[in-house]
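Input: a single structure, listed below in structure tokens.
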Amino acid sequence: MASLARNTAFLTIASILQKAVAFLYFAAIARTIGTENTGSYFLALALVTTLGVLTDLGLNSVLIRDSARNQEQTVMLLRHVFGLKLIAAPIAAIVAILLPKLLGYDVETSFLILLAIPVMLADSISLTMYGALRGAQELRYESLGIFLGQTFTTIVGVIVLFLVDASLPMLVLALLIGSVWNAVYSSYQIGKRFGFRTLVPSFAQSRILLVAAFPFFLAAVFVKIYSFVDSYTLGVVIGASAVGLYSVAYKLTYAFQFLPLAFIGALYPKMSSLVGKPVELKHVFLDAQWYLALLVSPIVFGIFALAPEIIGLVYGGEYAESMLPLSVLIFVLIPIFFDFPVGSLLNASGRQSVKTAIMGVTMIVNFVANMLFIRWYGIVGASIAGCVSFVVMFGLGAFMVRKQIAITLRDWMRSVGGFLFAGVMMACAILLLKPFIPSAEVGVLRYSWLVLIPFGAAVFGVSAYATNALSAMHVRHVMTLVRQSSYGTPPAPHE
């Protein structure tokens, strides 16, 4: 139990540090190269990341699951996965070369995508290696690897930005250095633990592995498509500059997704142990919703109220048009956070196919919504489409969960309503007080709005206490859940 808890702590801390470094690095890029170049950079990486599913084919999820069940199979599984990836990787690279022309990308963005193909291939290698180590419950190597990889990329990227030449190809090279580090480091750890013969590919059992991996592959395709279609549509309808403006709101919003993951690592095995006990499962589900509401409400309503100030501080005045998209897009975190326990419950009860189907519907809704709203409302339309899509995902998932644990809207609102109300009160208080805060373009006064953060936190706490949202019973239930749990995080549906 101690090693399992230590594994979770390693990965959680590393993820927080990696996300913090990545966020600051992207902010530096955005401030230095401008909106149009940021848009081209973001669009190229979004496409390559999306095509990364073709190099994995869902095999990593099968590798983690089956090697965890029987570690004696890890060597053969890894060799079989390598064999399939040896075939899949060139196909993915060819698609990455041809697709930009079919999508009508400009020459510069197409060239960036071409340069980023080695990043995709290196990431595919490290994904597989870290997957095998996860199956062996050795997360410390992945924790160190992802943090150091991001650190190396950031160091080289900062040198490129401020000391050499802030060109987009050089920034992709910085990204490649971090990816190659992870590929080499993870391969070395696998070779040291299981023997370097493990790195020799095998082409046996390919059909069996592909059949087992197909549901995971399909789910990954759905996620990647609805994660990419907003940027693509903006690029086609408006241009790269619009993608750049939207990308800063996107990065800032989705940077907070790591917060539920540590708790879901505790929640998933607990729910698995309670399948067939609907009353207890319902209590755990509502406790999880309470905890996530406590996390997400101050973030969403606080950023909504301070979006102009945050954009100005982090990205600069050139990104002023990102303020409204951020004010809208930040609300996507509410259905995303609340959907994590829904996905955990469905997966724990063996209903993965239901979750995959819901993700497929979400992909379709997201595609249609982006096509419509971007044409109607421009950059803000992409933010609206994101909110609509994830509300649909959470709504459909909640409907399916409702059949299993007999939960009602009233039950759910009792758990989360107080925190949502407290968030609204916090936002209103900040917006009412903000005009009275002195400000200036330069000097110390330009940071005077920061006093609104502790003020908003105080309003949130008082409001939550007044509505009895912060109850000692909920705190005890959540702490008990965390203490009794072990590592077992399922794949995150919103990565």
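Brief remarks on what is shown
- Selection count where residues are open to solvent by less than 60 Å² (accessible area, probe 1.4 Å) and closer than 15 Å to residue 168 by Cα, scope the range 103-114: 4
- Qualifying residue in the range 39-56 (condition: of a type in the set (Gly, Ala, Ser), open to solvent by less than 10 Å² (accessible area, probe 1.4 Å) and over 30 Å from residue 86 (Cα atoms)): yes
- Scanning the range 36-69 for residues that are charged (D, E, K, R) and under 25 Å from residue 112 (Cβ atoms) yields a count of 2.
- Checked against the criterion of being open to solvent by 20 Å² or more (accessible area, probe 1.4 Å) and closer than 27 Å to residue 321 by Cα, the candidates 147, 152, 196, 228 yield just one match: 228.
- Residue within the range 286-299 that is modelled with pLDDT of 90 or more, over 19 Å from residue 234 (Cβ atoms) and surrounded by fewer than 23 Cβ atoms within 10 Å (Cβ to Cβ) present: yes
Okay, residues lined up against (1) touching a Cys at 6+ places or on another chain (Cβ under 6 Å); (2) under 26 Å from residue 415 (Cβ atoms); (3) of a type in the set (Ser, Thr, Tyr); (4) surrounded by fewer than 19 Cβ atoms within 10 Å (Cβ to Cβ):
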{"site": "333", "(1), (2), (3), (4)": "no, yes, no, no"}
{"site": "338", "(1), (2), (3), (4)": "no, yes, no, no"}
{"site": "343", "(1), (2), (3), (4)": "no, yes, no, no"}
{"site": "364", "(1), (2), (3), (4)": "no, no, no, yes"}
{"site": "370", "(1), (2), (3), (4)": "no, no, no, no"}
{"site": "375", "(1), (2), (3), (4)": "no, no, no, yes"}
{"site": "380", "(1), (2), (3), (4)": "no, no, no, no"}
{"site": "387", "(1), (2), (3), (4)": "no, yes, no, no"}
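- Of the residues screened, residue 374 is not one that is aliphatic (A, V, I, L, M) and either farther than 30 Å from residue 320 by Cα or within 21 Å of the chain's Cα centre (by Cα) (or both).
- Test: residue in the range 432-454 that is open to solvent by 80 Å² or more (accessible area, probe 1.4 Å), within 22 Å of residue 304 (Cβ to Cβ), at pLDDT below 90 and of a type in the set (S, T, N, Q): yes
- Residue list for the range 396-409, filter: without any contact (Cβ under 8 Å) to a residue 12 or more places away in the chain and within 21 Å of residue 364 (Cα to Cα): 399
- Within the range 407-427, the residues that satisfy the criterion of being open to solvent by 10 Å² or more (accessible area, probe 1.4 Å), closer than 20 Å to residue 396 by Cβ, touching a helix residue (DSSP H, G or I) at 6+ places or on another chain (Cβ under 8 Å) and hydrophobic (A, V, I, L, M, F, W, C) are 407, 412.
Matching residues to (1) among the β-branched types (Val, Ile, Thr); (2) modelled with pLDDT of 80 or more; (3) in a helix (DSSP H, G or I):
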| position | (1), (2), (3) |
| --- | --- |
| 152 | no, yes, yes |
| 155 | yes, yes, yes |
| 190 | yes, yes, yes |
| 212 | no, no, yes |
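- For the range 159-185, a residue qualifies if it is open to solvent by 60 Å² or more (accessible area, probe 1.4 Å) and in a helix (DSSP H, G or I), and the qualifying residues are 159, 162, 170, 173, 177, 180, 181, 184.
- Of note, residue 125 does not satisfy the criterion of being in a helix (DSSP H, G or I), modelled with pLDDT of 75 or more, open to solvent by less than 20 Å² (accessible area, probe 1.4 Å) and among the hydrophobic types (A, V, I, L, M, F, W, C).
- Number of positions in the range 232-251 that are surrounded by 23 or more Cβ atoms within 10 Å (Cβ to Cβ), modelled with pLDDT of 80 or more and not β-branched (Val, Ile, Thr): 8
- Each residue in the range 380-438 was checked for being in a helix (DSSP H, G or I), polar (S, T, N, Q) and either more than 19 Å from residue 333 (Cβ to Cβ) or touching a strand residue (DSSP E or B) at 6+ places or on another chain (Cβ under 9 Å) (or both), and 1 of them qualify.
- Test for residue 362: is it among the polar types (S, T, N, Q), out of contact with any Lys or Arg (no Cβ under 6 Å at 6 or more places or on another chain), at pLDDT 85 or above and not in a loop (DSSP other than H, G, I, E, B): yes
The values are calculated or read from the model by the stated rules, or taken from the named source; none is laboratory data. A quick note: this is a predicted structure, and the numbers were derived from the prediction, not measured. Note that each Cβ is placed from the backbone with ideal geometry, even for glycine, and that neighbours are counted across all protein chains shown. SASA here: full protein model, heavy atoms, side chains in, ligands and nucleic acids out. Shrake-Rupley method; radii C 1.70, N 1.55, O 1.52, S 1.80 Å.
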